[in-house]
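The values are calculated or read from the model by the stated rules, or taken from the named source; none is laboratory data. Quick caveat: nothing in here was measured; it's all calculated off a predicted structure. Quick reminder, even Gly has a Cβ in these numbers, built from the backbone with ideal geometry, and neighbours come from all protein chains shown.
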Amino acid sequence: MKVLVVGSGGREHALAWKLLQSDRIQEVICVPGNGGTATLSRCRNLGLTVDDFEGIGRFSTVNNIGLIVVGPEAPLAAGITDYLHAQGLTVFGPTQAGAQIEASKAWAKALMEEAQVPTAEAAVFTQAKAAIEYVTERGAPIVIKADGLAAGKGVTVATTVSEAIEAIEAALGGAFGAAGQQIVIEECLMGQEASVLAITDGKTIRPLLPAQDHKRIGEGDTGANTGGMGAYAPAPIVTTDLMERIEREILQPTLTALQERGIDYRGVLYAGLMITPAGDPKVIEFNCRLGDPETQVVLPLLQTPLHEVMLACANQTLDRLPPLQWHPGAAACVVIAAPGYPGSYSKGVPIRGIAEAEAQGGLVFHAGTRLKEQQLVSDGGRVLNVSAIDQTLAAALQKAYGAINALQFEGMYFRRDIGHHALQAENL
Ligand code: AMP
Ligand code: GLY
């Protein structure tokens, strides 16, 4: 079977790599892919953009593509699945109606309320005056969110009322374009975050291993928010008991609420959770796709062939799929960023040492790279994702950091404390 993967990040490189571990997969085509997918064997890049639904549909029909996997949220929210379904193609990823769970935070909040899913208390505003009155009355800390997709930049965790007012004025003043014309203001939750990515065929839902990512740029979880600087799985904070509660109190009721709205949701439902100091799981947000970099730690641990899992979702046969098989042990991923990220950074910097890093046991996924006249160069803020698996998280981290030592990329930045929360737990 041939599979087409839509997207160009580390998540999509990990998807292509995992799919190709099965000899049932003849070829993976990435649209548009990156320098990593360009050099993976049985994989090639196709020079179309992720919003070229017609081009993707035509290529898939002509080339007999058996499965299309959509990585990022933007094409899902724009209706790529609806378009490809209409062409008779098989897609892993929800329809436009389902993708609203990520594309509109107000819509997701209303769904959670209806389903009685535990989440932060919230109110929705389109007028600055009412929003400012609300935060003044509530006080800080308080969280201001642009309703729509804002490339990870639409959330402000305000520690003072004046910071909250600034965020309200920025969003409603057009800082995020149409995505910020409506805002959600919510209670600031305390605790530890965890990501539970679940797969669903619209009828059955099953969680993958829980993961944790590290959103801040600086060590000790300080500094600006980023797309994610590293991850590990499984996240020990999500115990077996807690996972049962997450399934019962969050995943299942959310799926039921989607069904009640007539939404046929096939793909990933990603619950970004806060585990409160009392040990209760609350939803921070839902995403309609796999996490990045969570995918780069969850997929290396998956033993069940990925295309079987994805086809079971796309063809609505998940109830018949045997339980997912996982490698024992743990996985870690450290993100290598360009100097200056998440602020401005330069591109086109040569990268060397990938084969040497892989010889150390690292799995090097490319996030923002491209081939320039046969030389690999940086092409984004997050450049490489170095993952490793081993018997323990400590060993996986040691392997990943050992592999990073072999990389040469001028000014490369990475956090040296990935997995610190869980390491403390492992050492207890
Ligand atoms: P997002 O850009 O939607 O992934 O959110 C970015 C980050 O903001 C989350 O990972 C949390 O760290 C933080 N955040 C969002 N909502 C809340 C909340 N209600 N309470 C505390 N932190 C939050
Ligand atoms: N790692 C966070 C995200 O994918 O949204």
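For the stretch 279-298, a tally of residues being over 12 Å from the mean Cα position of the chain (by Cα) and under 27 Å from Thr392 (Cα atoms) returns 3.
The set of residues in the stretch 1-52 being part of a strand (DSSP E or B) and not β-branched (Val, Ile, Thr) consists of Lys2, Leu4, Gly7, Glu27, Cys30, Pro32, Cys43, Arg44, Asn45.
Out of Val298, Val309, Val268, one residue alone is in a strand (DSSP E or B) and either under 29 Å from Gly148 (Cβ atoms) or aliphatic (A, V, I, L, M) (or both). It is Val268. In the stretch 250-269, the residues that are in contact (Cβ under 8 Å) with a residue 12 or more places away in the chain reach residues that are among the acidic types (Asp, Glu) with C-beta atoms within less than 6 angstrom, at least six apart or across chains, in these pairs: Ala257/Glu114; Arg266/Asp201. Residues of the stretch 49-76 that are over 24 Å from Asn287 (Cβ atoms) and of a type outside the set (Val, Ile, Thr): Glu54, Gly55, Gly57, Arg58, Phe59, Ser60, Asn63, Asn64, Gly66.
For every residue, the table says whether it meets (1) among the hydrophobic types (A, V, I, L, M, F, W, C); (2) within 16 Å of ligand 2 (Cβ to nearest atom).
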site	(1), (2)
Pro94	no, yes
Ile101	yes, yes
Trp107	yes, no
Met112	yes, no
Gln116	no, no
Thr119	no, no
Phe125	yes, no
Ala128	yes, no
Ala131	yes, no
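Scanning the stretch 258-316 for residues that are crowded, with 22+ Cβ neighbours inside 10 Å, over 23 Å from Thr240 (Cα atoms) and of a type in the set (D, E, K, R) turns up Arg266, Arg289, Asp292.
Applying the criterion of being aliphatic (A, V, I, L, M) and within 16 Å of ligand 2 (Cβ to nearest atom) to the residues of the stretch 144-155, the residue that is surrounded by the most Cβ atoms within 10 Å (Cβ to Cβ) is Ala146. Among the strands (runs of 3 or more DSSP E) confined to the stretch 312-384, the ones with at least 3 residues that are modelled with pLDDT under 95 are located at 369-372.
Given the criterion over 22 Å from the mean Cα position of the chain (by Cα), buried (at least 18 other Cβ atoms within 10 Å of the Cβ) and of a type outside the set (Phe, Trp, Tyr), identify the matching residue among Ala170, Ala198, Ala158, Ala178. The match here is Ala158. Sort through Arg370, Arg352 and tell me the only one that's under 15 Å from Gly10 (Cα atoms) and either over 24 Å from the mean Cα position of the chain (by Cα) or among the basic types (Lys, Arg) (or both). Within the list Arg370, Arg352, the selection yields Arg370.
The residues listed here are Arg248, Arg206; of these, the one that is surrounded by fewer than 19 Cβ atoms within 10 Å (Cβ to Cβ) and in a helix (DSSP H, G or I) is Arg248. Give me the residue from the stretch 215-234 that is part of a loop (DSSP other than H, G, I, E, B) and within 14 Å of ligand 1 (Cβ to nearest atom) and, out of that set, surrounded by the fewest Cβ atoms within 10 Å (Cβ to Cβ). In this case the residue turns out to be Asp221. Residue pairs whose Cβ atoms lie under 7 Å apart, separated by 6 or more positions or on different chains, with the first residue in the stretch 107-130 and closer than 22 Å to Pro141 by Cα and the second away from ligand 1 (no atom under 16 Å from the Cβ) and not basic (Lys, Arg), are Pro118/Glu249; Thr126/Gln181; Ala128/Glu169; Ala128/Leu172.
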